[in-house]
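The structure appears right after this line, and notes come after that.
The values are calculated or read from the model by the stated rules, or taken from the named source; none is laboratory data. Please read these numbers as outputs of a predicted model, since none were measured by experiment. Cβ placement follows ideal geometry from the backbone for every residue including glycine, while neighbour counts extend to all protein chains displayed. Only protein heavy atoms, including side chains, enter the accessible area calculation; ligands, DNA and RNA are left aside. Shrake-Rupley method; radii C 1.70, N 1.55, O 1.52, S 1.80 Å.
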Amino acid sequence: MKIIVVGFGKVGYVLAEQLNNEGHDLTVIDTNENRMQYAISQLDIQAIAGNGTSYLTQMEAGIKDSDLLVAVTDKDEINLLSCLIAKKAGNCHTIARVRDPGYFKEISFIKKELGLSMSINPELAAAIEMTHLIQVPSAMEIDTFARGRVNLIKFKVPDNSPILNIKVSENQLLRNCLLCVVQKKDKKIVIPDGNTVIEEGDVVSAIIPLNRIFKFFSSIGIKTRPIRNVLIVGGGTISYYLAESLIRSHIKVKIIEQKRSRCDELSELLPEAMIICGDASNRGVLDEEGIKDADAFVSLTNLDEENIMLSLYANKVSNAKVITKINKIDFEEVISDMPIGSIICPKNITAEGIIRYVRSMQNSFGSNVETLYRMMDNHVEASEFIVREESSVTGVPLMDLNLKENILICCINRNGKIITPSGKDVIQKGDSVVVVTTIIGLNDIKDIIRE
């Protein structure tokens, strides 16, 4: 597909890198000439220094022949105007990054009037993920499928757990869940089968029914407790969305923000939250505001380094559920070993949403990618496909399908009924199917079959 990306900041770079890796014909537009030179040298893609809201710039980028324009600058107005011009000039699909809560409350009207194919709000998406993690505090990560009916939950197996050193097929405690991915101590990724053995230090992603999560965690030695109060550092847009969501769930929220003007805004927007004007990098402020007694601690400043340090301190002095926002540091191998709790990366959430839409466009007459998550440091993909037509995968017992290696069919959603598949189950037209694999870039449900 021919795709134009307007904006080459943190989000634009990650998006361009992933789209380029998937083989698309890519052009990026940005007003910063140095960024465009970097795009050409690092990604070997076409880059144009110019304004994405300019008709002439879009024509130079080839908007007439493009399938999609994605606008992800840090200005909502530029993104929306870029998409409007693209729609008029090229009649292509358009996606806009829209962050402002004021705009997003009117997003249905904006999408209709501007002809947007999709809008994406990284801050809101990040806040929703964090809300899920706070609701299930023992989870490291939660990915949802089948419109919330299926949850893929990542957790670290505790030392001395009763599920250690026993084959999955022989482990009674694992009967009520489906293991989908296992990451070993050496970072090796395993798509498990009945002979897989869980070992000390393993990190596991499993499908667990929501009503059994707490009982399951308790049975394997993971302590669980409800979260009643949350301490948030940083008063940006993500903090607003997160606090609003938590307050609706009757959770007490305290936000520490350094800027007085922003504190005044938050006090008006969130009258039920406690807003503290102070510098959270000052240990005395954190101690005074009760970090040691917090049930959850969320670090959401604009500096990754500060977020890491704050979360390290929270982990050291409290038993809080810790969540850390990281948006630009690339040393994932180092960060993943730090005791900074669950890591949220808004730019990756944005890229996942757009990649999902792109793959769906490629298969508009076949099996669309409904949901897509990157897991285990981007080494695993969990995808939900909508089966829109009969094909080589439908009507055949799963045990008879010649599946590629490292592919696991996790569940089938059939008219709202969730099926944990056995070898005798079949995929039918109209189903949605969740697939977990180490093969990056599956575009269609038929891609799970060996050629």
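Summary table below
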quantity: Rounded to the nearest 10 Å², the accessible area of Ser267 at probe 1.4 Å; calculated: 60 Å²
quantity: Accessible heavy-atom area order of His379, His24, His93, highest first, probe of 1.4 Å; calculated: His379, His93, His24
quantity: Packing rank of 119-128, 62-71, where each peptide gets the mean count of other beta carbons within 10 Å, highest leading; calculated: 119-128, 62-71
quantity: Kirkwood estimate for the range 202-342, i.e. one over the average of 1/r between Cα atoms, Å; calculated: 16.1 Å
quantity: Cα gyration tensor shape for the range 109-174, rounded if a/c is under 1.5, else prolate or oblate; calculated: prolate
quantity: Accessible-area composition of the range 312-451, carbon plus sulfur, in percent [1.4 Å probe]; calculated: 46 percent
quantity: The range 38-169: equivalent-ellipsoid semi-axes (sqrt of 5 x gyration tensor eigenvalues, Cα, Å); calculated: 41, 20, 13
quantity: Efficiency of FRET between Arg228 and Tyr55 - r from beta-carbon atoms, R0 51 angstrom, step 0.05; calculated: 0.40
quantity: Extended-chain gain in nm, criterion 0.36 nm per residue less alpha-carbon gap, Glu17 and Arg283; calculated: 91.9 nm
quantity: Mean projected area in nm² (Cα convex hull; one quarter of hull surface) for the range 150-270; calculated: 9.6 nm²
quantity: Distance in nm between pseudo-label sites at Met361 and Asn34 (7 Å out along the Cβ direction from Cα); calculated: 3.1 nm
quantity: Positive dipole terminus of the chain, leading residue within Ile40, Thr237, Ala127 (C-beta point charges); calculated: Ala127
quantity: Kirkwood Rh and Cα Rg combined as Rg over Rh, evaluated for the range 216-283; calculated: 1.11
quantity: Fraction of beta bridges assigned by DSSP in the chain that are antiparallel (%, nearest 5); calculated: 50 percent
quantity: Cβ-derived FRET efficiency at R0 45 Å, Phe109 paired with Asn176, nearest 0.05; calculated: 0.50
quantity: Rel. contact order, % - alpha carbon contacts under 8 angstrom, at least six apart, the range 65-224; calculated: 17 percent
quantity: Computed over the chain: relative contact order in percent, which uses C-alpha pairs under 8 Å that are six or more apart; calculated: 11 percent
quantity: Arg450 versus Met274: modelled label distance in nm, points set 7 Å from Cα along the beta carbon direction; calculated: 6.2 nm
quantity: Solvent accessible area, Å² - Lys2, 1.4 Å probe, full protein context; calculated: 40 Å²
quantity: Largest to smallest principal axis extent of the C-alpha atoms in the range 165-222, angstrom; calculated: 32, 20, 17
quantity: Rounded, prolate or oblate (a/c below 1.5 giving rounded, otherwise prolate when a/b exceeds b/c) for the chain by Cα gyration tensor; calculated: oblate
quantity: For the range 1-74 versus the range 336-350, the gap between their alpha-carbon centres in whole angstrom; calculated: 26 Å
quantity: For the range 398-443, convex hull of alpha carbons as volume per residue, Å³; calculated: 85 Å³
quantity: Val203 - accessible surface, heavy atoms, 1.4 Å probe, Å² rounded to 10; calculated: 20 Å²
quantity: For the range 375-451: rounded, prolate or oblate by the Cα gyration tensor [a/c cutoff 1.5]; calculated: prolate
quantity: Accessible area in the full protein assembly, largest first, 1.4 Å probe, for Arg374, Arg99; calculated: Arg99, Arg374
quantity: Over the chain: helical MRE at 222 nm, DSSP H runs n ≥ 4 each giving -39500 (n - 2.57), nearest 500; calculated: -9000 deg cm²/dmol
quantity: Kirkwood Rh, Cα atoms: Rg over Rh of the range 51-105; calculated: 0.99
